[in-house]
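Down below is the structure, laid out as structure tokens.
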Amino acid sequence: MTDLPPMDFLLRLADAADRQTLPRFRRHGTVDAKEGRYFDPVTEADREAERAIRDLLGAEFPHHAILGEEFGASGEGPYTWVIDPVDGTRSFICGIPLWGTLIGLNVEGRAELGLLSQPYLGERFSAGPQGAFLNGPGGQRRLATRDTRALADATLFTTAPELFAGPAKERFGELSPRVRMSRYGADCYAFAMLADGHVDLCVETGLKPYDIVALIPIVEKAGGVISTWDGGRPEAGGDILAAATPELHAAALEALRR
């Protein structure tokens, strides 16, 4: 699409967020908790990073809509920026450097641009019309998923098994014993590792749009497949499956549907 904002603008948004998050990381700041079934923390870094992103969006694209985790929805129209200022706040408050800032752009409901910024590791995972890329300490390179096609050969990541409940727990229980290895706790970073060829499956339940929109183009442009557990588009969130190959995605969907 020729009318998309340039990727350089997403990097400017990430720079603005990084200036708020990185100085607060491992500084023992105040942690509040949102209401819900599980402990859902929020920090000053979450709020201030989203404010910084919103300020820059308002100055550059005042007619675009915004959906953010901390301050909700504003505006309307075909362009919607979807923001998670700190995805992995639990990791953030524990001093574990696997959190990231997620910035995505939906155009008429479909994720077209995505960026995951991890300032502590100095990495930016981005995707747009030209493909998916990692910019990090080693320079820039194109992202590509690995060619894993069988569940028995796959490495699966999920944030935490206790997040699965009821039917979702039963469905996940059909899939997880069939993979080679399962690992936990990487939040958005697991999807980046899938796009970079280190992980084969990411399986999550109960995601919100701001948890996943930025990651959709990164996975897809790297050659992966991402959907809901029922095979639909993932932009609205929900139960999400990402896989390195179409064959592996089909096998994982079949297991989840049992």
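The values are calculated or read from the model by the stated rules, or taken from the named source; none is laboratory data. These numbers come from a predicted model, not from an experiment. Glycine gets a Cβ as well: all are built from the backbone with ideal geometry, and neighbour counts include every protein chain shown.
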Grab the strands (runs of 3 or more DSSP E) fully contained in the range 1-93, keeping just those with 2 or more residues being more than 24 Å from Phe133 (Cα to Cα) and assigned by TED's automatic domain parsing to the domain that holds Gly122. 31-34, 40-43, 65-68, 72-74
Residues being under 18 Å from Gly237 (Cα atoms) and not hydrophobic (A, V, I, L, M, F, W, C) - total across the range 64-88: 10
Output yes when any residue across the range 116-131 is in contact with a Cys (Cβ under 8 Å, 6 or more places away or on another chain), under 21 Å from Leu207 (Cβ atoms) and at pLDDT 95 or above, and no when none is. yes
Single residue of the range 180-197 satisfying the filter (more than 17 Å from Ala127 (Cβ to Cβ) and assigned to a loop (DSSP other than H, G, I, E, B)) that is nearest to the chain's Cα centre (by Cα): Asp187
Residues of the range 143-169 satisfying the condition of being loosely packed, with under 12 Cβ neighbours inside 10 Å and not aliphatic (A, V, I, L, M): Glu162, Gly166, Pro167
Where residues in the range 244-258 are without any contact (Cβ under 8 Å) to a residue 60 or more places away in the chain and hydrophobic (A, V, I, L, M, F, W, C), which of them is nearest to Glu204 (Cα to Cα)? Leu253
Among the residues of the range 140-153, is there at least one that is in a helix (DSSP H, G or I), at pLDDT 95 or above and of a type in the set (Lys, Arg)? no
With the requirement that a residue be aliphatic (A, V, I, L, M) and within 30 Å of Ala65 (Cβ to Cβ), what does the range 169-210 give you? Ala186, Ala190, Ala192, Leu194, Ala195, Val203, Leu207
Exactly one condition in (1) surrounded by fewer than 20 Cβ atoms within 10 Å (Cβ to Cβ); (2) over 30 Å from Ser74 (Cβ atoms) is not met by Ala252; state its number. (1)
Being buried (at least 16 other Cβ atoms within 10 Å of the Cβ) and either touching a strand residue (DSSP E or B) at 6+ places or on another chain (Cβ under 6 Å) or within 11 Å of Ile240 (Cβ to Cβ) (or both) is the filter here, so list the residues in the range 177-188 that pass it. Val179, Ser182, Ala186, Asp187, Cys188
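Which of the residues that make up the range 75-96 are over 21 Å from Asp18 (Cβ atoms) and in contact (Cβ under 8 Å) with a residue 12 or more places away in the chain?
Within the range 75-96, Gly75, Gly77, Pro78, Tyr79, Thr80 meet the criteria.
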With the condition kept exactly as written, say whether any residue in the range 26-40 is surrounded by 15 or more Cβ atoms within 10 Å (Cβ to Cβ) and not aliphatic (A, V, I, L, M). no
Options Leu134, Leu156: the member that is in the same structural domain as Gly114 (by TED's automatic domain parsing) and at negative phi: Leu134
Pull out all pairs, ordered by first then second residue, where Cβ-Cβ is under 6 Å, the residues are six or more apart or on different chains, the first lies in the range 173-194 and is at negative phi, and the second is aromatic (Phe, Trp, Tyr) and at pLDDT below 95. none
